[in-house]
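Here's the structure we're looking at; comments come further down.
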Amino acid sequence: MFTTSLFMMALTGCDYSGDWLFGGSTPGLPDVYELQAEGGGLFVPADITTVEELQAATIYGELGPPQTTGYGGATFEFVGTGEDVCIWLDPEVATWNQAVSERPLDANLKWTYPDNIYDDGDVDLLAGLSVYYTGSPGEVIGDFVVAYEDSLGNDIPISLAGCPNTEGIIGDDAVAGRGSPEFCTLSATDAGISYSVLLRTWSTPLDDDRLSYGLVLANGDCQALRALGGSQTAQQDECVIQGESLVPEPLSSDNVDDYLPYYGWDAASAHIYPRSVEFEFEFCNIDPGHRMRQFCNQERRDIAEAGLECLWNTLQEDDAINTDEKCYCGDPSDTPSGGAQ
Amino acid sequence: MVAWASLGVFATGCAYDEGLIIENLQGTVTLPAAALTRDLVLPDGSREAVEDVRLIGPVYLGVYPSVADANVLERYPHPELGPQYLDGVPGDAYPYGGTTIGDLRFGCIEDLTCLMVSGRYETWDSIVEWFAQLEQPLTDAGGVPIPDGEFLKQSCYDLLNVTSDAETRITAYEDRNGDDLINELDLDFVKQGDEYVADFTIWQQDYYWDRNQEDCEPGVDCTGFELWGFMDSPDVNTLAFSTCDPTQGYNSREYNRDIFSGRPQVDVLNLPSTYITNGDFVVSEPYRWNNVLDRPNLVLDFEVQ
C-alpha cells in the first residue's frame, strides 16, 4: 500500500505543469521582442525640440507576459553618437497609493480616491554597451552583468549597465515603480559603438495581461525632455509621454513574428484608450487643485448615467472590449477605513 | 524495501551538506594611545595633550580577498579593488562582510548630529562636559547652553520615545565585565597597559577562501579572507565623522525645528578610501583568517597623514 502511494505521488508530480503560475498569452503578442526602427534596422536617436517632435518620435508597443520562468521584455540597439542620449519609457498607465486618513492633509486630499490597480504594468529600463549585454535579441532576455574574479578566485557579479548604474537603489529613475515612467541618460555615448537597451518586464496588468508602453530615444539629456513635457516632479513625468495605454485589440496575425508597434502618435492615436490622456493630465496635476478626485467622481457618474459599470479586474476577451466601461480610478467601495484598526 | 529506501532518502535529506561555512567570527581590536590623544588649545593659548576614549570614532572592520601595503593603492594599507568602470568613482573593494565597534548615534540635539558614537560615553553628564572641554558647548534649539546631562537624556527619551539608556545606546548601560558596576570599564574600548582593547563579533559571516588551493580544508587550513579595518577619527575642527551623512537618517520635525540625525554612509566598507582622511588609524597588518575558530587581535596602528 505504501509502495503504491509513493508511485501515485510520483505520477502526480509528473503531471504538474504549473501553467497557472503564468499569465495568459495573447496570440500574436510576443513576450520577448526585438524592437526595430520604423522600416527596420537600428534605432537612431531623434532630435526633439517641440512637443510635436516628441509625439512623432514616440513608439507605442505592447508586451505579453513571460511564458517561461525567464524574464520577458523588449530590446533594441542604437549606435552611439558621441553625445548624450536619453531613453524615456512609460508603461501603462499611472498608479498611486490611496490616502485613507479620516482627515487627510491638503496634499493627500487628491489621493483619497482608490487607484484602479488592475490596469498598471511595470517595466525596468536597463541600457549599456552591447558588448556587455548577455541576452539574445528576440530570443532570450539577458542583463549587463559580468563576473569579476577576486584574488581568492571568487566570482563577483558586476553590472556594467550604463543605465541604471546603481540598480536597486531606491530613487533611481530607471527602475521606478509600477506604472511610473522610467528614464535614463547615457552620458557622452561612444561614437560608432553599439548600445543595447533592455525593457525588462516586471509585471503585466492584471486586467488584460497586455503591457502597453510608450518609448522615446532622443539626443540630449533627459532633463531637456522633462522640461519639454512641462514636468518638474516625478508625478508630472507621467505626462511627458502621453497615450501609452493601448486598447487590447485583436492583433492582425497570430504569428509573433508579424507583430509591429505603432511608430508615432499619428499611427497610435486611433488605438489609445479614450480619456487616458485626460486621465494622465489630471494625474500630473500640472494645474493646481484637487482635480484627480474630481476626475474620478465624474468618471463614476458618467459610467452610471450610461447604464454601465466599471471594468476593473475583468480579463477582457478579444471580442468583448468595451472601452466605455474602462475606469482609470478604482472602486470606492474598496476603500478601507482610516487609521490602523 | 521501497518503503525503507524512501525513509533512507528522507533521512539523508536531513543531513544534506550544502557546503556553506557560516560562523560568528570573533576577536579583539587594539588601539594605541596615540589614536585617542589630541592636543587641545586651552583658553590661555597653551596646549594640553588629552588622552580620552571619547576621541575614538567608529571602528569599521571588513573581510576582503586581500589587502595591499601602503603606497600601493593608497598612501595607507588598503583592500584590493575591483575594476573602476564609472568616471569619478573608485573601484569597489567588494567586502565579503564586516562589522563595527561602536556605531553612529544621534545625540538628540542638532549640535550632536554625526558627532556621537555608542560605547564611548560613560554618562550623560560626560557628554556635556566633554564638549564644554573642547570649547564646543552644547546648546538647545533656542541656542541656550545645555547645563547638564539630564537635559540631554530627557531630550532623547522624549524625542525617541524611549524609557531607558539601553534603548538609546549612547552611554554605558550594561555591566559588561560583571563587576556589579556600570562605568568606564563597560565601554567598548578598555585600557590595558598603554593600549585600548575592544572585543568584536562578525555575526553569521559566510566564509570565503582561495578557490584555487588544493589539499586543504576550507575554514581550517585553506587560505582565507583578510580582516582589515580603520578608525574614523573625529574631524579636527568640527569633531564630525566623515563616515556619517548629516543629510540623512531620522528626521525630527517639531515646530520650528527640522533636523536630521545623520546616518552611516552606505558604502563605507566598499569604498573606504572615500571616507578615510588624515588622522584616521588603519590596520597595517591585516589578519589572514584561515581557521574560523581563530580569535585574532587586530592593531589599528597606521596613522593616515
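Residue-wise test of (1) farther than 18 Å from B:Gly57 by Cα; (2) touching a residue at least 60 places away in the same chain (Cβ under 8 Å); (3) in a strand (DSSP E or B).
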residue	(1), (2), (3)
B:Gly91	yes, no, no
B:Cys114	no, yes, no
B:Asp125	yes, no, no
B:Val128	no, no, no
B:Gly142	yes, no, no
B:Asn177	yes, no, no
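Okay, residues lined up against (1) within 24 Å of A:Ala37 (Cα to Cα); (2) in contact with a Pro (Cβ under 8 Å, 6 or more places away or on another chain); (3) crowded, with 24+ Cβ neighbours inside 10 Å:
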{"position": "A:Gly192", "(1), (2), (3)": "yes, no, no"}
{"position": "A:Leu198", "(1), (2), (3)": "yes, no, yes"}
{"position": "A:Asp221", "(1), (2), (3)": "yes, no, no"}
{"position": "A:Gln232", "(1), (2), (3)": "no, no, no"}
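Among the residues of this structure, A:Asp143 counts as one that is more than 19 Å from A:Glu280 (Cβ to Cβ) and more than 14 Å from chain B (Cβ to nearest Cβ). Suppose the filter is open to solvent by less than 60 Å² (accessible area, probe 1.4 Å) and not small (Gly, Ala, Ser); does A:Tyr113 pass it? Yes; evaluated as a whole, the condition is true for this residue.
For the stretch B:206-251, the set of residues classified as within 14 Å of another protein chain (Cβ to nearest Cβ), over 21 Å from B:Ser273 (Cα atoms) and acidic (Asp, Glu) consists of B:Asp206, B:Asp210, B:Glu214, listed by residue number.
Checking the structure you have, find out if any residue of the stretch B:194-202 is open to solvent by 30 Å² or more (accessible area, probe 1.4 Å), farther than 16 Å from B:Gly119 by Cβ and modelled with pLDDT under 95. Scanning the stretch B:194-202, I find at least one residue that is open to solvent by 30 Å² or more (accessible area, probe 1.4 Å), farther than 16 Å from B:Gly119 by Cβ and modelled with pLDDT under 95, so the answer is yes.
Within this structure, B:Glu135 fails the test of being in a helix (DSSP H, G or I) and open to solvent by 60 Å² or more (accessible area, probe 1.4 Å).
This table checks each residue for (1) closer than 25 Å to B:Gln204 by Cβ; (2) out of contact with any His (no Cβ under 7 Å at 6 or more places or on another chain); (3) open to solvent by 50 Å² or more (accessible area, probe 1.4 Å).
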{"site": "B:Ser242", "(1), (2), (3)": "no, yes, no"}
{"site": "B:Pro246", "(1), (2), (3)": "no, yes, yes"}
{"site": "B:Arg253", "(1), (2), (3)": "no, yes, yes"}
{"site": "B:Ser261", "(1), (2), (3)": "no, yes, no"}
{"site": "B:Asn270", "(1), (2), (3)": "yes, yes, no"}
{"site": "B:Ser273", "(1), (2), (3)": "no, no, no"}
{"site": "B:Phe281", "(1), (2), (3)": "no, yes, no"}
{"site": "B:Arg288", "(1), (2), (3)": "yes, yes, yes"}
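Residues being open to solvent by less than 20 Å² (accessible area, probe 1.4 Å) and within 30 Å of B:Val292 (Cα to Cα): count how many of those fall in the stretch B:98-122. Looking only at that region, the number is 6.
State whether the residues of the stretch B:76-89 include one that is away from chain A (no Cβ under 13 Å), acidic (Asp, Glu) and either within 18 Å of B:Ser233 (Cα to Cα) or open to solvent by 10 Å² or more (accessible area, probe 1.4 Å) (or both). No, the stretch B:76-89 has no match at all. When A:Asp143 is tested against (1) outside any loop (DSSP other than H, G, I, E, B); (2) open to solvent by 20 Å² or more (accessible area, probe 1.4 Å); (3) of a type in the set (D, E, K, R), just one condition goes unmet, and that condition is (1).
The values are calculated or read from the model by the stated rules, or taken from the named source; none is laboratory data. Since the model is a prediction, treat every value here as computed from it, not as a measurement. We place every Cβ from the backbone using ideal geometry, glycine too, and count neighbours over all the protein chains shown. Keep in mind that these areas ignore ligands, DNA and RNA; they rest on the heavy atoms of the full protein, side chains included. Shrake-Rupley method; radii C 1.70, N 1.55, O 1.52, S 1.80 Å.
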